[in-house]
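Below you'll find the structure, written out as structure tokens, and then a few comments.
The values are calculated or read from the model by the stated rules, or taken from the named source; none is laboratory data. For clarity, every value in this text was computed on a predicted model and none was experimentally measured. The protein model used for the area step is the full one, side chains on, heavy atoms only, and it has no ligands, DNA or RNA in it. Shrake-Rupley method; radii C 1.70, N 1.55, O 1.52, S 1.80 Å.
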Amino acid sequence: MEVTEGTAKVFWISGSDEAVTLIETTGTYSDTITLPDGGNYIGIECEDFTGNIELNIE
């Protein structure tokens with residue numbers, strides 16, 4: 001994730017649980033996140049965002 005302007009947040013929802021923030025940043029961030037088996041949902045929330053977000057799901 002590269003945030004040139006604004007902010008970006010990546011969050012995770014599992015089943016009917018509340019959303020959990022995985023990454024919230026300005027600037028540049030890179031990480032590997034392992035999620036449990038089952039129904040996982042990834043969301044991205046941005047505010048005044050300019051930049052790049054790349055998700056690789058395996």
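May I have the extent of the alpha carbons of the chain along their three principal axes, as whole Å values ordered from largest to smallest?
Taking the Cα atoms of the chain, the three principal extents are 34, 22, 11 Å.
List the relative contact order of the chain as a percent without decimals, with contacts defined as Cα pairs under 8 Å and 6+ residues apart.
50
How large a share of the accessible area of the chain, in percent, is made up of carbon and sulfur atoms when the probe is 1.4 Å and the other protein chains stay in place?
Within the chain, the accessible surface is 43 percent carbon and sulfur.
Around L22, which amide H atoms from residues at least 5 apart in sequence, or from another chain, sit under 5 Å from its own amide H, with H modelled in the peptide plane?
V10, F11, W12
So with the 1.4 Å probe, I'd like the accessible area per residue for the chain, rounded to whole Å². Don't jump to the answer; show the numbers that get you there.
Working: 4530 Å² over 58 residues.
The answer is 78 Å² per residue.
Could you go through region 52-58 in sequence order and give the Karplus-derived ³J(HN,Hα) for each residue, using 6.51 cos²θ - 1.76 cosθ + 1.60 with θ = phi - 60°, rounded to whole Hz, and x for Gly and Pro?
Rounded to whole hertz, the list is 9, 10, 10, 10, 10, 10, 10.
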